[in-house]
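Visitor: This is the structure, below, for whatever I ask next.
The values are calculated or read from the model by the stated rules, or taken from the named source; none is laboratory data. Being a predicted model, the structure only gives us computed values, none of them experimental. As a convention, Cβ positions derive from the backbone with ideal geometry for all residues, glycine included, and neighbour counts pool all protein chains shown.
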Amino acid sequence: MLLVGFVMIMLIFGLFSWIYVINEKHMETLLKEQAKSIADQVILVRLWNAQNKERIEPVLSVLSNRKFSYKWKMVSKKPIGTENLPENEFQSRAIDSFHKEPRDVYRIYEVNGRKYFEYAGPIIMEEPCLRCHIDQGYRPGDIHGAIVVTIPMDEAVQNLRETRRTLALSALVLLWSIIVLLYFILNGTIIMPINILKDALSRVGKGDYNVAIEIKRNDEIGDLAQSFNQMVRDLRNKERQIIRSEKLATVGKLAAGVAHEINNPLGNISLYAQMLSQKIKDGEARKKLKIIEEQATQAARIVKSLLEFSRQMEPKFRKVNLNDVVNKTLEILQPQISINNIKVIKNLNKDLPEVKADPAQIQQVLVNIINNAIEAMPEGGTLIIETKQRDGEVEIGITDTGEGIPEENLSKIFDPFFSTKGVGKGTGLGLSVSYGIVERHGGRIEVESEVGVGSTFKVILPLGD
């Protein structure tokens, strides 16, 4: 702002100084024209006087110099009378210059604080004038001297002062208006958005990734706001990925330890329940032992899931066409799809490039997601599966028309043991395992959902080399 203000000051005062100089030059031109007009009139009167042999010049001179503010005088270096000798060096030099080039000259000088405009024009000898100056050796066309007109510049100087004062005041008003306007423009277009960005950055620095800058403009500030919002979204996703990875690692270690500790006791419970069931004849007791065996078996299945979760194996990468993986997965799940009255729509990109992946693990991911989609449509619905390529990535989209996921649960669905299903209907490990598999493939899973409309899971994998 200071730099722009300084530049504006220099430009405005430079412009107004130029205007003042032009006005001053214009004033000099007007004074010169006025003086030349007076000089021409005097010369005409002298010619008339010479032609009519009337001696009225002294009277005219006295009257003119008394009535008007200007004065005029005819000077020569060879005058008839001494009163017509040059009064100063300017007049003398003017006469000398006329012999070289008969061009009028002028000057501005100051006496006792008052300025004067002095004009000198050449007096060219003409036939009527020779009646008085024939004895001095003049011929027609010779330079006799100079007609000098002196005009006081009091009024012109006062006008220039008023002009200068008006220009200075106008410059200050214009400059102040420009600075105020510039401030409001900069404040609205740059300063306020930067302050908003600064506050947002401060919040992000404190770990708040739920920040969004609402600046919708088609300029650099708008691009900066969009880039910032994208950066925050990426940071939020990265933070979630890190937290999920840490959760997966922690829960994996815990699950492995717990599974090993309780696996053997569960096996013993199931074994002893079977042995007692064979020895006891009481039907009611055998029913209870059967329940104990079933519950132990259920617990063993959970333990097995925990062990599988904790023993996630590194993928065996090879070139894979994801369309083939999708088709094989749908073949495996066809019975569940038919029983639950699900309509499947496939939009598979025929030109889909191959990716480096473990087909078995990707199939496991698709099975988990599609099973969840089927369970979200208990009364039937539509399942849309599509594949596409975008920006160096391959995407598998799975969309259902089911119940949808509440917004508050979207950030939790990949957490281990988190499940929206009823008790005993799931371990909450399917999506966690799927997330870990996709992450190890260098990809990601994106979710969009609306309650009562359905959900879309996008499995995105990099194309790689």
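Visitor: I need every pair where a residue in region 326-341 that is more than 19 Å from Gly402 (Cβ to Cβ) and outside the structural domain of Val365 (by TED's automatic domain parsing) has its Cβ under 8 Å from the Cβ of a residue that is exposed (fewer than 13 other Cβ atoms within 10 Å of the Cβ) and at pLDDT below 90, sequence separation at least 6 or different chains.
Guide: Here the result reads none, with nothing in region 326-341 linked to a residue that is exposed (fewer than 13 other Cβ atoms within 10 Å of the Cβ) and at pLDDT below 90.
Visitor: If you go through region 18-40 one residue at a time, how many are surrounded by 14 or more Cβ atoms within 10 Å (Cβ to Cβ) and among the polar types (S, T, N, Q)?
Guide: Summing the residues that are surrounded by 14 or more Cβ atoms within 10 Å (Cβ to Cβ) and among the polar types (S, T, N, Q) in region 18-40 gives 2.
Visitor: Could you tell me which residue of region 259-296 is modelled with the lowest pLDDT, considering only residues that are of a type in the set (A, V, I, L, M) and in contact with a Ser or Thr (Cβ under 9 Å, 6 or more places away or on another chain)? So that I can check it myself, show each step before the final result.
Guide: Within region 259-296, the subset of a type in the set (A, V, I, L, M) is 259, 262, 266, 269, 271, 273, 275-276, 280, 285, 289, 291-292, 296.
Restricting the remaining residues to those that are in contact with a Ser or Thr (Cβ under 9 Å, 6 or more places away or on another chain) gives 259, 266, 285, 289, 292, 296.
Values: Ala259: 62, Leu266: 75, Ala285: 80, Leu289: 79, Ile292: 83, Ala296: 79.
By that ranking, first place goes to Ala259.
Visitor: Also, quick follow-up: Which residues, taken from region 354-391, are of a type in the set (Gly, Ala, Ser) and surrounded by fewer than 17 Cβ atoms within 10 Å (Cβ to Cβ)? Spell out the reasoning first.
Guide: Within region 354-391, the subset of a type in the set (Gly, Ala, Ser) is 357, 360, 373, 376, 380-381.
Ala360, Gly380 - these are the residues of region 354-391 that are of a type in the set (Gly, Ala, Ser) and surrounded by fewer than 17 Cβ atoms within 10 Å (Cβ to Cβ).
Visitor: On to the next question. Would it be correct to say that Ile147 is touching a helix residue (DSSP H, G or I) at 6+ places or on another chain (Cβ under 9 Å) and in contact (Cβ under 8 Å) with a residue 24 or more places away in the chain? If you could, list the steps in order and put the result at the bottom.
Guide: Working: touching a helix residue (DSSP H, G or I) at 6+ places or on another chain (Cβ under 9 Å): yes; in contact (Cβ under 8 Å) with a residue 24 or more places away in the chain: yes.
Yes, satisfied.
Visitor: For region 158-178, which positions are exposed (fewer than 15 other Cβ atoms within 10 Å of the Cβ) and among the β-branched types (Val, Ile, Thr)?
Guide: Across region 158-178, the qualifying residues are Thr166, Val173.
Visitor: Which of the residues that make up region 194-220 are farther than 30 Å from Ile12 by Cα and assigned to a helix (DSSP H, G or I)? Give the derivation first.
Guide: Going residue by residue through region 194-220, those that are farther than 30 Å from Ile12 by Cα are 195-218.
Answer for region 194-220, where residues must be farther than 30 Å from Ile12 by Cα and assigned to a helix (DSSP H, G or I): Asn195, Ile196, Leu197, Lys198, Asp199, Ala200, Leu201, Ser202, Arg203, Val204, Gly205.
Visitor: State yes or no: is Lys388 basic (Lys, Arg) and modelled with pLDDT of 90 or more? I'd like the intermediate steps shown before the answer.
Guide: Numbers: basic (Lys, Arg): yes; modelled with pLDDT of 90 or more: yes.
Criteria met by Lys388.
Visitor: Among the residues of region 236-257, which ones are farther than 19 Å from Lys412 by Cβ and either at pLDDT 70 or above or surrounded by 15 or more Cβ atoms within 10 Å (Cβ to Cβ) (or both)?
Guide: Ala256
Visitor: List, please: which pairs have Cβ atoms under 9 Å, are six or more places apart or on different chains, and start with a residue in region 19-32 that is assigned by TED's automatic domain parsing to the domain that holds Lys115 and end with one that is of a type in the set (D, E, K, R) and part of a helix (DSSP H, G or I)?
Guide: Matching pairs, first to second residue: Tyr20/Arg164; Asn23/Arg164.
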